[in-house]
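Structure, as structure tokens:
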Amino acid sequence: MTAEWNPAPAQSTVPVLQIVGYKNSGKTTLACRLIQALSQQGIRVGSAKHDAHHFELDDPGTDSSKHLHHGAIETVLTSQNATRAMRKAETSLEEIAKSMAGRADLLIAEGFKSAGYPKIALIRDAEEMNALRDQATNIRLWISWEKNISVNPVTASLGVNTPLVILPLMDEALVDQAILSLAMSLLCKQVQPD
């Protein structure tokens, strides 16, 4: 993946590109590939991941976990090398994008199916495609594990007259080109959620 990028002045929010799909569909692998390619072009990339399961805010017994346990609604742990914020509440993707304004040029978000930002969807078959279309909006790019996925049931159920373009995941060059093109288009204009 290659591109040219000149950072724009700080905005009130960061453009967001979501990667959605079901468990073990390759979302993290694709996100890491995209983050690396964009970072190598000088683009400051932020990332966010939605966890559908409960996770621990911090290791029990650490000072920061004691702060939370004793009533802090949010605590920030910082050192020379890193900073980590922890809070006892879910944070919307929109809030995350706003918090990265001025520090990141683009936010790659894994998950957050119900958020309205532009999305890349990873699917295995037409069944997953139908299910994702019921759960997610603003899907700009479909990528399939199957080389020749049958989309007839999908196009029929959507009432679409033109066939949907679904890129095969195995064609890395084509997938990389399409994803980079989509990411760069978001950098060139501020895209708000639906």
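The values are calculated or read from the model by the stated rules, or taken from the named source; none is laboratory data. Not measured: the values here are computed from a predicted model. For neighbour counting, all protein chains shown are included, and Cβ atoms are generated from backbone atoms with ideal geometry for every residue, glycine included.
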Would you mention how many residues in the stretch 19-39 are touching a residue at least 24 places away in the same chain (Cβ under 8 Å) and not in a loop (DSSP other than H, G, I, E, B)? 12
For Ile35, are the conditions met, namely being modelled with pLDDT of 90 or more and crowded, with 18+ Cβ neighbours inside 10 Å? no
Please specify each residue of the stretch 90-145 satisfying the condition of being hydroxyl-bearing (Ser, Thr, Tyr) and either buried (at least 19 other Cβ atoms within 10 Å of the Cβ) or in contact with an Asp or Glu (Cβ under 7 Å, 6 or more places away or on another chain) (or both). Tyr117, Thr137, Ser144
Close pairs (7 angstrom Cβ cut-off, 6 or more residues apart or separate chains): of a type in the set (S, T, N, Q) in the stretch 58-80, surrounded by 10 or more Cβ atoms within 10 Å (Cβ to Cβ) and assigned to a helix (DSSP H, G or I) anywhere: Thr75/Ser64; Thr75/His67; Thr75/Leu68
If I ask for residues that are in a loop (DSSP other than H, G, I, E, B) and either surrounded by 13 or more Cβ atoms within 10 Å (Cβ to Cβ) or at pLDDT 85 or above (or both), which ones from the stretch 72-82 would you list? Ala72, Ser79, Gln80, Asn81, Ala82
Boolean, Asp51 is loosely packed, with under 11 Cβ neighbours inside 10 Å, more than 30 Å from Leu132 (Cβ to Cβ) and out of contact with any Lys or Arg (no Cβ under 7 Å at 6 or more places or on another chain): no
